[in-house]
Amino acid sequence: MEAYFYHLVVLGGVYIVLTQSLDLISGHTGLMSIAHSALFGIGAYGVAIFYGQMHYPFIVAWLIGMVLAGMAGLMVGLPSLRLRGDYFVIATFALQVLCFNFMNNVSNVTGGTLGITGIPTPWFMSTTARAALVCSSLALLFSFIKWVLTRSPFGRVLNCIREDEDLVMALGRNPVGFKIAAFMISAVMAAAAGGIYAAYVSFVDPTTFTVMDSIAILCAVIIGGSGSTAGPVFGALILIGLPEILRFVGLPYSVASNVRQIIYGMLLVLILMFRPGGVVGGFSFDIREHTRL
Amino acid sequence: MRRCAVLPALFLIVIMVIAGCSNQQEQKKSERSKATVKELLIGAVLPLTGDAAPWGIPPKKGAQLAADEISQKGNLKIKIDFQDTTCQPARGISAFRQLADVYKIPVVMGAVCSSVTLAIAPVAEKERVVLISPASTSPKISSAGDYIFRVVPSDALRGRIFARYLFKKKGLRKVAILYINNEGGVGNRDSFKNEFTSLGGKVVLEEAYPPQSRDLRAQLTKIKNSNVDGVIAVSYPDDTILIMKQAAELKVGKPFFYQTEAVEDPSVLKQAGAAANGAIYILPAPAEGEAARAFAQAYEKRYGTKPELFAAEAYDIIHLVVKAAEANGGRLEAEKVRDYLYTVKSYHGVSGIISFDSNGDVIKPMAIKIIENGKPRLLEIVGLE
Amino acid sequence: MLSQAVVNGLIAASTYLLVALGFSLIYTTSRFFHFAHGAVITLGAYLAYSINSQAGVPLLGAAVISVFFCGLLGVLMNHVVYNRLLRKGAGSLVLMLASFGIYLIFENVTTIIWGASTLGFSPGLPSSICKWHACITRIHILTLAIAAVSWVFLAILFARSRHGLLMRAVAESRELATAYGIKTHEIVDASFFIGSAFAGLAGILMAADVGMTPTMGLHALMMGVVVAIVGGIGSLRGLLLASLLVGLVRHLSIFVVGSQWQDSIVFALLLVVLLKSPWGFASDAAAQEV
Amino acid sequence: MQVLLSASGIFKNFGRAEVLRGLQIEVKRGETIGLMGPNGAGKTTLFNVISGFILPDRGKVHFLGRDITSDPPYKRARSGIYRTFQRVRIAEQMTIMDNLLLAFQDRAYERPMSALCRIRDWLALEHTWRRRAFELLKEMNLESEKGRLARDLSYGQQKLLSLALGIASDAKLMLLDEPLAGLSSSMVDRAINLIKIMVRKRSSIIIIEHNTSFLEQMCDYVLFMAQGQILYQGNLQELREHPGVLRSYLGGQMELA
């Protein structure tokens, strides 16, 4: 029983870091991204390759993964120079597809479709209890970091970018720099989650990092409540919790997964329609499309 | 804002209640297993939902059939706890943990998707739980661990046998490989290619296509214009239909050899129709004899269809596990089951003749079949020799 | 070989064009990415299948009925979800997210009703006509023809008819059009109807060619979105050029690089277009306006 | 008096429409200038050109003796140009306090690293920022609303807030685009109060406005724009008698009708 519970804590922790990091850009900066599972994957592959195969110390591999993801974040950040709103989403989508294809096809680096197996478990995660402790404290740490960031002068500018980029400029701030910084921080956080995930599961393959996973993470943030600290936590819990609850409920097997997806879809649409701030009540993506001068 | 803090709290409470319920379940189960020694609880982690469900539900049916048959005989009661993996590694670990840690089950059947089996394997090793897959064919599983078994041949075996067969019997020297760009497709491609080139053949073209692709004309056009004796296809049912139909449309004019059992899928036979005729394919040799026939009858009686893919394998797994328990005085212990399985030689199961090698891989003869007039016909049974 | 590849590219381009036409028609009047379009594509095929095989209506009739229903479905989506969201002041991002949700619901309902494995109108061996080393089936010719006719239809609609004029007015600015007394709701509904009907038509044609699966709409839509953006949403000429470009790139690139990179090339193209000029081929005119 | 801003020979076309045609303007430190003209005269476009949201086709803009013609808007804002927008622009889903803090806070503490590593520093500074913001709120009679989201404010209050942002950012040149339009009379008084604060702080101000009594009260002189050029510069009295002004106003109205 404990180990199962701890396992859920591990997954919950990893996903909380993911949703918090996505919320930093989507909920606070107004840049919706569906490349997040790719960034998550970069972190995971970083650990898998540098720690699992090349036997660097875990911390080093973890950091390498984060740096790589940060660089990828910079690459996504660059389109945000020009693109707004839905066009930005499409750009991140393209990036997600490209990253997935890289993981899937460049087999001499990433192991291709077969993935990388046998990543040794680092000592601090050797039991599920330890892993749960590590992951929950990471979730706490990153939630705290995000909380501080979004309440700092830095976060205030991000929030203002979400509200009105022209206003940010009128107040003497360069939105582009802030957007890129936000995206890179978010990418690094996602990669941190990915590295821990890889070390815990001890196996990575591209199918864990698809567009659909990216969309699921985004939906979790929206459903939970974007632009808040509790919202993403709640979203991550739904993402991890709903399948587990349905597992206990015992739906007919032939439809269970479809029913789960339908529940996600309905939740998303209903939340948007009746509670645009998400369950927890954060920021709502209302109309703010001032026509550009 | 304040009102909303209630909701997450409620959510947590729901989770706790559910967790509490399952805890009680667990206690009941353990009490019961103490009361009657002769009840065996076996776990199963299968993709019961999602894209891979078509491969997960038949093993569930087969295993359930075996459990009920054995239970009816009297001495032993078999219960199987089925858990869903949805073919995702993390979910698979969740499911496995639930069985191994919550219910303390020593033997688990699963998983179907190779990626899930590979993800679960280290956990199974650490928790000392025997994991027997009815369907994972990735060559990487061979080295996944001491407690990891499978009753379906590795892609490595299938590729080797198919390569030898095509090289020696069909006289192929130059081939193209058309494969689905996922773990199964690439694993099969590699095993075929390694054997074929070591025999002296040449793989001229390797064309991949992404899963759920609906247009393979580009790949097939390239193959049509290449100088090859034949095409090896590694595909799933949906794209097998595409390959057959689009190859016919484009008049590719090369013989196709399918290194997959997907060809036998009812949807392929129906949708591809005449386009399927002449397709030669390889799959683990179906069992002959009384037991296999009885299984097919019982299965059809109970579920209304002929045994689908991997149902027989699951049926055999349950029987093997029960045999191991019987050899251990009716108790299920992971180490004992593991040791027993390594000694199994030429067990006549309903999925074929089963022996395990030192990796826990099954060694089975394979069958070469051909589709004629929309129906499969056995060409021959081939082994490694 | 080249001739066949070009023909393949044209066939692919025609389905991309059909999807992109509907998608960008809806975008021009309502200004958001309607991803549930993918669900309409799938449903078009399945509805036609059911009407044909279960109700026994001949295939052509079934297709017409199904296309009509797809149009209605689009209008329904607009009324049940998007309009309500708009009334609450939702922006294009919210509408796009909602369309993700709708897509999820529809794809899974489709799977529950019709199952996950391939279904088709015409099982069996397709007959094809070959000339100059290139083979083509009747369905392909039909698809090409319908795509061409649809394009011309829209071109005339936009250039000549009053209705098209109103649509262009709404596309320019919804508020302004309302201020001028144009019934914008009706115009948006009309664009949803026509756009979704195109989606249903595309779905049926694809299914007639290669059969249907519940996920067929998503891949088709992805290519449609790429075409719509590369071509510059709202520019008919741009869409035509972009669909040809994407179709040919997909089918010719395979001779240069490995086929596993087919998708990557298309999406790299998309990314480059987005970075160079977010408004695609139609950039010069549209960019000035925005 | 020192010349703060000078723009010369500004041309700007939108498609075929010539909006600014060789416009010339000079603003000295501490001046308050009214900017009038019929609709479509290019007033807002001029603001956009000065604040950098639109680049002119030709012409130069100098601020504090430096050529800023090709500077992006945020650089100009940093060197001391603040503008309001005709349609109120504030951060709607942020609190009023946060809106003001945005203008008050020190850019040196806006780096993500300093947000994390120098928490104590910025927390300490935040107190002074908040105090100053609170004082400004008192001027606007909004101190009780500081925790509310800006979008929940009335239109007039939002307009006040956008003026307050200018005061908070301590700009040397304020470009106010119709600061009084649509305000109730009590709100107008408060807005004027805020503009007086700007004057007191010796900021130069250009105000686009149609309310002549207000302009008379506030401005050192007025500029009259028509057809992309400054037609007249002087006091309001004389402006009323200027024949060209009358014609262009009437002409403008006829165009409108």
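Only one of the listed residues (A:Ile215, A:Ile180, A:Ile238, A:Ile196) is under 24 Å from A:Val134 (Cβ atoms), β-branched (Val, Ile, Thr) and in contact (Cβ under 8 Å) with a residue 60 or more places away in the chain. That residue is A:Ile196. None of A:Met189, A:Met169 is farther than 14 Å from A:Gly227 by Cα and under 17 Å from the mean Cα position of the chain (by Cα) except A:Met189.
If you check A:Leu242, A:Leu237 for being modelled with pLDDT under 85 and of a type in the set (A, V, I, L, M), only one passes: A:Leu242. Just one of the listed residues (D:Phe53, D:Phe47, D:Phe85) is open to solvent by less than 10 Å² (accessible area, probe 1.4 Å), of a type outside the set (Gly, Ala, Ser) and either part of a loop (DSSP other than H, G, I, E, B) or within 21 Å of D:Val199 (Cβ to Cβ) (or both), namely D:Phe47. From the list D:Leu183, D:Leu231, exactly one residue is hydrophobic (A, V, I, L, M, F, W, C), at pLDDT below 85 and more than 30 Å from D:Leu64 (Cβ to Cβ). Which is it? Going through D:Leu183, D:Leu231 in turn, the sole match is D:Leu183.
Scanning region B:324-345 turns up no residue that is out of contact with any Pro (no Cβ under 7 Å at 6 or more places or on another chain), open to solvent by less than 60 Å² (accessible area, probe 1.4 Å) and within 21 Å of B:Gly56 (Cα to Cα). Scanning region C:249-270 for residues that are more than 9 Å from chain B (Cβ to nearest Cβ) and not aromatic (Phe, Trp, Tyr) turns up C:Val249, C:Val256, C:Val257, C:Ser264, C:Ile265, C:Val266, C:Ala268, C:Leu269, C:Leu270.
If you take the residues of region B:172-229 that are touching a residue at least 40 places away in the same chain (Cβ under 8 Å) and among the hydroxyl-bearing types (Ser, Thr, Tyr), which of them is surrounded by the fewest Cβ atoms within 10 Å (Cβ to Cβ)? Among them, the one singled out is B:Ser226. Scanning region B:94-114 for any residue that is crowded, with 24+ Cβ neighbours inside 10 Å, under 14 Å from the mean Cα position of the chain (by Cα) and within 10 Å of chain A (Cβ to nearest Cβ) turns up at least one such residue.
Table: residues versus (1) under 19 Å from B:Ile78 (Cα atoms); (2) touching a residue at least 60 places away in the same chain (Cβ under 8 Å).
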site	(1), (2)
B:Tyr315	yes, yes
B:Glu326	yes, yes
B:Gly329	yes, no
B:Leu332	yes, yes
B:Ser355	no, no
B:Val362	no, yes
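Can you pull out every residue in region B:285-312 that is in a helix (DSSP H, G or I), closer than 21 Å to B:Ile42 by Cα and out of contact with any strand residue (DSSP E or B) (no Cβ under 8 Å at 6 or more places or on another chain)? Once the filter is applied, which keeps residues that are in a helix (DSSP H, G or I), closer than 21 Å to B:Ile42 by Cα and out of contact with any strand residue (DSSP E or B) (no Cβ under 8 Å at 6 or more places or on another chain), region B:285-312 yields B:Phe295, B:Tyr299, B:Ala311.
For the residues B:Ile354, B:Ile317, the requirement of being part of a strand (DSSP E or B), assigned by TED's automatic domain parsing to the domain that holds B:Ala66, in contact with a Ser or Thr (Cβ under 9 Å, 6 or more places away or on another chain) and more than 24 Å from B:Ala272 (Cα to Cα) singles out B:Ile354. Considering only residues that are open to solvent by 20 Å² or more (accessible area, probe 1.4 Å) and not hydroxyl-bearing (Ser, Thr, Tyr), look in region A:1-15 and name the one that is farthest from the other protein chains (Cβ to nearest Cβ). Ranking the candidates gives A:Val9 first. Looking at region B:162-237, the strands (runs of 3 or more DSSP E) lying wholly inside it that each contain 1 or more residues that are among the charged types (D, E, K, R) sit at B:174-180, B:202-209. Whether a residue is of a type in the set (Val, Ile, Thr), without any contact (Cβ under 8 Å) to a residue 24 or more places away in the chain, out of contact with any His (no Cβ under 9 Å at 6 or more places or on another chain) and away from chain B (no Cβ under 14 Å) was assessed, and A:Ile49 does not pass this test. Hey, among the residues in region C:125-141 that are buried (at least 17 other Cβ atoms within 10 Å of the Cβ) and among the hydrophobic types (A, V, I, L, M, F, W, C), which one's nearest to the other protein chains (Cβ to nearest Cβ)? Per the criteria, the residue is C:Cys135. When residues in region D:82-121 are screened for being aliphatic (A, V, I, L, M), within 9 Å of another protein chain (Cβ to nearest Cβ) and closer than 16 Å to A:Val168 by Cβ, 6 of them pass.
Looking across region A:64-85, the residues that are assigned to a helix (DSSP H, G or I) and surrounded by fewer than 20 Cβ atoms within 10 Å (Cβ to Cβ) come down to A:Val67, A:Met71, A:Leu74, A:Met75, A:Leu78, A:Leu81. Exactly one residue among B:Ala121, B:Ala67, B:Ala95, B:Ala111 is over 28 Å from A:Leu239 (Cα atoms) and in contact with a strand residue (DSSP E or B) (Cβ under 6 Å, 6 or more places away or on another chain), and that residue is B:Ala67.
Residue check: is C:Ile41 open to solvent by 10 Å² or more (accessible area, probe 1.4 Å), at pLDDT 85 or above and among the β-branched types (Val, Ile, Thr)? Here the answer is no, as C:Ile41 does not meet what is asked. Please verify whether A:Leu237 is open to solvent by 20 Å² or more (accessible area, probe 1.4 Å), at the interface with chain B (Cβ under 9 Å from one of its Cβ atoms) and either within 19 Å of A:Asp23 (Cβ to Cβ) or among the small types (Gly, Ala, Ser) (or both), treating the condition exactly as stated. Answer is yes for this residue. Among all residues of region D:156-176, there is at least one that is buried (at least 18 other Cβ atoms within 10 Å of the Cβ), out of contact with any helix residue (DSSP H, G or I) (no Cβ under 7 Å at 6 or more places or on another chain) and free of Cβ contacts under 8 Å to residues at least 60 places away in the same chain.
Of C:Val67, C:Val80, all but one fail to be assigned to a helix (DSSP H, G or I) and without any contact (Cβ under 8 Å) to a residue 12 or more places away in the chain; the exception is C:Val80.
Whether a residue is within 22 Å of B:Arg293 (Cα to Cα) and at pLDDT 90 or above was assessed, and B:Val350 does not pass this test. Consider region B:141-161 and keep the residues that are part of a helix (DSSP H, G or I) and touching a residue at least 40 places away in the same chain (Cβ under 8 Å). The one that is nearest to B:Val252 (Cα to Cα) is B:Gly159. One residue alone among B:Ala324, B:Ala275 is over 19 Å from B:Ser133 (Cβ atoms) and in a helix (DSSP H, G or I), and that residue is B:Ala275. Among the residues of region C:92-115, just one is over 20 Å from A:Leu267 (Cβ atoms) and either within 7 Å of chain A (Cβ to nearest Cβ) or surrounded by 23 or more Cβ atoms within 10 Å (Cβ to Cβ) (or both), namely C:Ser92.
The values are calculated or read from the model by the stated rules, or taken from the named source; none is laboratory data. The structure presented is a predicted model; accordingly, all values stated were derived computationally and were not measured. Reconstructed Cβ throughout: ideal geometry from the backbone, glycine too, with neighbour counts over all protein chains shown. Note: accessible area is taken over every heavy atom of the protein model, side chains too, but ligands, DNA and RNA are not part of it. Shrake-Rupley method; radii C 1.70, N 1.55, O 1.52, S 1.80 Å.
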